[in-house]
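In what follows, a structure is listed as structure tokens, so that the remarks can point back to it.
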Amino acid sequence: MTTAIIFIVILAVLVLAHEAGHFLVAKLFRMRVDEFGFGFPPKLISKKIGETEYSLNLFPIGGFVKIFGESDTGEPDIRSSAGSFLAKPKYAQAMVVMAGVVSNILLAWVLISVGFMIGLPTSLDAVADRDIALVVSPAVTITGTIPNSPADRAGLRVGDEIVALSAGAEFLNHPLDTADVKGFIAAHGNDPIGFTYRRGNGNEQVISITPVSGILEGESAIGISMDTIGLLHLPFFRAFKEGAAMTVSLVSMTAAGLWHFFGSLFAGTADLSSVTGPVGLVGVVGEASAFGFVYVLLLAAIISINLAIINFLPFPALDGGRFLFILIEAIKGSDIDIRLTNAVNVIGFFLIIMLMVVVTYNDLAIYLTRFFVF
């Protein structure tokens with residue numbers, strides 16, 4: 001229940017930031033905003049302030065800003081009214097349409113920057129020597145596990161911190177580095193090793209794992225990758241500087257990943273099981289919250305960037321698709337037939353809903369297999 005609430009709060013913040021971008025830029029260009037809604041109808045409560053109605057709707061999976069003239073409904077003054085979207089210059093229309101994307105990226109920057117001020121998990125290898133003193137509580141942290149390896153079968157997870165190792169009379173404890181752990185495992189061949197680890201904010205636990213040969217050439221291993229990770233605390237201005245650099249890097253990586261996914265989708269080789277939908281995201285949020293608040297901030301920033309990049313795609317019903325129509329109209333010097341625009345957007349919206357249904361079904365199937373055998 002708590003996880004679902006955290007997920008809804010994250011979604012609300014991301015949606016409100018996105019729609020606030022559209023809203024504020026529309027107001028900047030003196031467009032009339034008829035409604036600012038969170039969630040999708042049916043409407044639960046609403047209040048009108050000035051010319052704008054603010055509404056809370058039943059389904060909290062999105063939001064909308066209804067700008068007068070954004071859709072040509074055939075009203076007589078829709079193109080001549082000073083407050084109409086269609087009466088404004090194309091550059092103003094384009095800025096309103098893309099404001100949501102920019103808002104989500106700016107929000108990600110703020111969240112990451114706040115994370116740096118609180119203390120963001122960072123590899124010691126990525127920190128300059130002069131900044132090592134700013135890293136608090138470095139620990140050997142598991143960054144990956146090989147499926148069906150001894151570590152995976154024993155229950156070790158990404159994010160677990162290894163704080164001590166034991167084998168027979170030998171005992172090695174914190175502070176450790178990755179070389180210590182790797183050397184200890186290799187030195188004890190196929191003997192059981194006691195791993196003391198810490199998960200999230202929980203207490204320390206001990207499990208026994210026996211290394212096996214065949215994972216690494218020439219030595220025994222348990223099937224993990226690891227890094228020495230601590231919390232990097234930065235002062236205010238430095239946090240925003242490094243936050244900007246990390247945001248740019250995440251935007252670049254996300255765009256490249258989506259480019260590869262959609263390329264494989266059109267080629268018919270995409271693996272939809274690797275795509276996480278709303279149900280899967282609830283589980284991801286739950287895992288992040290178990291490791292602490294800063295992980296939730298970082299996850300929210302990553303989701304915000306994903307929303308920005310997806311909305312930027314030149315696909316009907318998305319902000320990028322609307323921007324493309326405006327660009328075409330600016331180049332050709334006349335408006336596209338509204339009937340064509342509406343038809344294309346309806347088809348695009350239908351395809352997006354279908355993709356969401358498929359991904360959500362996949363999420364549910366994965367979730368249910370944890371409890372039932374089919």
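The values are calculated or read from the model by the stated rules, or taken from the named source; none is laboratory data. Quick caveat: nothing in here was measured; it's all calculated off a predicted structure. No Cβ is skipped: glycine too gets one built from the backbone with ideal geometry, and neighbour counts run over all protein chains shown.
Condition check ((1) free of Cβ contacts under 8 Å to residues at least 12 places away in the same chain; (2) of a type in the set (Gly, Ala, Ser); (3) surrounded by 18 or more Cβ atoms within 10 Å (Cβ to Cβ); (4) part of a loop (DSSP other than H, G, I, E, B)) across all residues:
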site: 59; (1), (2), (3), (4): no, no, no, no
site: 82; (1), (2), (3), (4): no, yes, no, yes
site: 97; (1), (2), (3), (4): no, no, yes, no
site: 140; (1), (2), (3), (4): no, no, yes, no
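Checking the condition farther than 20 Å from residue 172 by Cα, assigned to a strand (DSSP E or B) and not assigned by TED's automatic domain parsing to the domain that holds residue 113, which residue from 208, 213 passes?
213
Condition first: farther than 14 Å from residue 225 by Cα and outside any helix (DSSP H, G or I). Now tell me which residues in the stretch 149-162 satisfy that. Don't jump to the end; show me each part of the working.
Just the residues of the stretch 149-162 that are farther than 14 Å from residue 225 by Cα, to begin with: 153-155.
Matches in the stretch 149-162: 155 only.
When 245, 239 are checked against the criterion of being surrounded by fewer than 17 Cβ atoms within 10 Å (Cβ to Cβ) and assigned to a helix (DSSP H, G or I), a single residue qualifies: 245.
Kindly indicate whether residue 203 is more than 24 Å from residue 239 (Cβ to Cβ) and in contact with a Gly (Cβ under 9 Å, 6 or more places away or on another chain).
So residue 203 does not fit the description; no.
Each row is one residue, and each column tells you yes or no for (1) at pLDDT below 90; (2) closer than 30 Å to residue 71 by Cβ; (3) assigned to a helix (DSSP H, G or I).
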| position | (1), (2), (3) |
| --- | --- |
| 103 | no, yes, yes |
| 130 | yes, no, yes |
| 164 | no, no, no |
| 185 | yes, no, yes |
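One residue is enough: does the stretch 187-194 have a residue meeting the conditions in a helix (DSSP H, G or I) and either at pLDDT below 90 or outside the structural domain of residue 292 (by TED's automatic domain parsing) (or both)? So far as the stretch 187-194 goes, yes, one or more of its residues are in a helix (DSSP H, G or I) and either at pLDDT below 90 or outside the structural domain of residue 292 (by TED's automatic domain parsing) (or both).
Here are the criteria: (1) in contact with a Phe, Trp or Tyr (Cβ under 9 Å, 6 or more places away or on another chain); (2) surrounded by fewer than 14 Cβ atoms within 10 Å (Cβ to Cβ); (3) in contact (Cβ under 8 Å) with a residue 24 or more places away in the chain. Tell me which single one residue 205 does not satisfy. Result: residue 205 passes all but (3).
From the list 172, 176, the lone residue that is assigned to a strand (DSSP E or B), of a type outside the set (S, T, N, Q) and farther than 28 Å from residue 247 by Cβ is 172.
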